[in-house]
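Each value in this text was obtained by applying a stated rule to the coordinates, not by laboratory testing. All values derive from a computational prediction rather than experimental measurement. Note that each Cβ is placed from the backbone with ideal geometry, even for glycine, and that neighbours are counted across all protein chains shown.
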Amino acid sequence: MTANSKTQTDQFFNLDPHLILQSADINGYKPTGEIHQLNSYENRVFEIKLEDNKSVIAKFFRPGRWSKETIEDEHEFCFDLHADGLSVGLPLRAPNKETVFNADGILYCFYEKVRGRMMQEILLNQFEKLGSLTAQLHNTGEKKEAMNRNFFGPSQDNKWFVLDQLDAVISPEIHHQYMELAEHVFESLDNKLDPQGFIRIHGDLHRGNLLDNGKDDITIVDFDDFINGPVVQDFWMIFPDQDFTPTKEFELFLKGYQTLRHFDEKQLELVPYLRAYRVICYAGWILNRWNDPSFPKIFPEFNTYRYWAEELDSLRKIIKV
C-alpha cells in the first residue's frame with residue numbers, strides 16, 4: 001500500500017462530517033448539517049437532510065474497490081432498468097450529467113432516498129410477480145455488456161487468489177479438509193460456467209435488496225456487486241434455504257419469470273456451487289477488510305477454530321459431502 005492510498009484508507013475509516021456536507025454542497029444540495037450514517041460494511045453511506053425537508057443518500061466507496069468506470073457501469077445499468085420501467089434505486093446526476101465524484105481520492109455518489117419495507121418475508125402471492133420482475137431485469141441486462149465489470153466465476157473474476165490468502169489463516173486442524181473442498185468448488189464452477197451465456201445481472205439479489213414500497217410495487221436496490229454473470233445467480237439468494245426441489249414458492253417464481261423470458265433449468269445444478277462459492281468468498285472478504293477497525297468488532301470469532309469449523313460444516317452441507 002502506498003503512502004497516498006494509506007492516507008485515503010485512513011480518511012475513509014474516519015470520514016470527516018465536514019467533508020460529507022461539503023461534498024453535498026458543492027454538488028448543488030443544501031444540507032441542514034444533519035447527517036445519519038446508514039448500515040453498510042463495505043462502503044460508508046449517509047442520509048443527508050436538506051433544507052427543503054427532503055433527504056439525499058451519499059455513498060462513499062471504499063478506496064481500491066471500484067474505479068470510476070466500474071461505478072459508472074453500475075449507474076448505466078440502473079438508468080437502463082429505469083428506462084425499461086423497473087423501480088430501482090437511482091443515482092442522481094449533476095447538471096453536467098456526471099454521477100461519480102471525487103473527494104481527496106475517495107469516490108462517492110448520491111442516490112435518491114428509497115422508501116420501503118425489506119422483503120425478508122415474501123407472501124405466496126408475491127413470488128410470481130418477483131419472478132417476472134427478475135425476468136425484466138435480465139431482459140434489460142442482456143441488451144449490452146458491462147464493459148468495465150468482470151465476468152462471474154473463480155477464474156473470470158480473479159478469485160483464485162482468495163484461496164491463497166485464506167491458506168495462511170485457516171485453523172490447522174481443518175486446513176486440509178477446508179482447502180480441498182474449496183478447491184473442488186472453484187474448479188467445478190470454472191468447469192460448469194459458460195461465459196458465452198453471461199449477461200448483466202444484479203449479482204446480490206437477496207431479500208434485503210428488495211423493498212416493498214406499499215404501492216403493489218417492488219424496488220430493487222444496491223447494485224454494488226452487479227456483474228456479467230449467469231442468471232441463476234439472481235435466483236438462489238431469494239430462496240436461501242431451498243435446495244430447489246419443487247416448492248410452490250419457486251414454481252410461482254419460475255412461472256412469473258418464464259412469462260417474459262426462457263430459463264434453462266439445467267442452471268439450477270450450479271446452485272450448490274454458487275452457495276458454497278459465496279461462503280468462501282465472504283470469508284476472503286472479511287480477511288481483506290480486517291484492517292478496517294469496524295471488522296474485528298463485527299466478526300469477533302473470525303480467525304478462531306470455531307469459525308473455520310462452522311464454515312467447513314456449512315460447505316459440507318451445501319455440497320453434500
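What the table below lists for this structure:
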quantity: Among the listed pairs 113/144; 59/113; 248/317; 30/113; 59/297, those beyond 20 Å (Cα-Cα); calculated: 113/144; 248/317; 59/297
quantity: Loop GluC sites (Glu not before Pro), region 120-161, which have at most 11 other Cβ atoms in a 10 Å radius of their Cβ (DSSP); calculated: 121
quantity: Neighbourhood net charge (12 Å Cβ-Cβ; Lys/Arg +1, Asp/Glu -1) for residue 32; calculated: -2
quantity: Estimated [θ] at 222 nm from DSSP helical runs (n ≥ 4, -39500 (n - 2.57)) normalised by residues in the chain, nearest 500; calculated: -12500 deg cm²/dmol
quantity: Additional length obtainable on full extension of the chain from residue 175 to residue 94, 0.36 nm per residue less Cα span; calculated: 24.1 nm
quantity: Most positive-pole-ward Cα, 56, 37, 139, against dipole of the chain from beta carbon charges; calculated: 56
quantity: Rounded to the nearest 20 debye, dipole of region 3-113 from Cβ charges on Lys, Arg, Asp, Glu; calculated: 240 debye
quantity: Spacing of the two label points (7 Å from each Cα toward its C-beta) at residue 53 and residue 314, in nm; calculated: 4.5 nm
quantity: Span from the region 99-120 Cα centroid across to the region 28-78 one, whole angstrom; calculated: 3 Å
quantity: Relative contact order %, region 3-113, counting alpha carbon pairs below 8 Å whose residues are six or more apart; calculated: 24 percent
quantity: Kyte-Doolittle at least 0.0, axis length at least 24 Å by Cα - qualifying DSSP helices, the chain; calculated: 271-288
quantity: Cα gyration tensor shape for region 3-113, rounded if a/c is under 1.5, else prolate or oblate; calculated: oblate
quantity: Gyration tensor verdict on the chain (Cα atoms; rounded if a/c is under 1.5, prolate if a/b is larger than b/c, oblate otherwise); calculated: oblate
quantity: Gap separating the Cα centres of region 234-279 and region 142-166, nearest whole Å; calculated: 21 Å
quantity: Assigned charges on the beta-carbon of Lys, Arg, Asp, Glu; region 124-319 dipole about Cα centre (debye); calculated: 440 debye
quantity: Residue among 75, 268, 315 farthest towards the positive dipole end of the chain, charges placed on Cβ; calculated: 75
quantity: Sorted peptide list for 94-102, 109-117, 222-230, criterion being average Cβ within 10 angstrom, highest first; calculated: 222-230, 109-117, 94-102
quantity: 14 Å beta-carbon shell around residue 303, net charge (K/R +1, D/E -1); calculated: -2
quantity: Dipole-positive endmost among 168, 205, 281 within region 124-319 (Cβ charges, Cα centre); calculated: 205
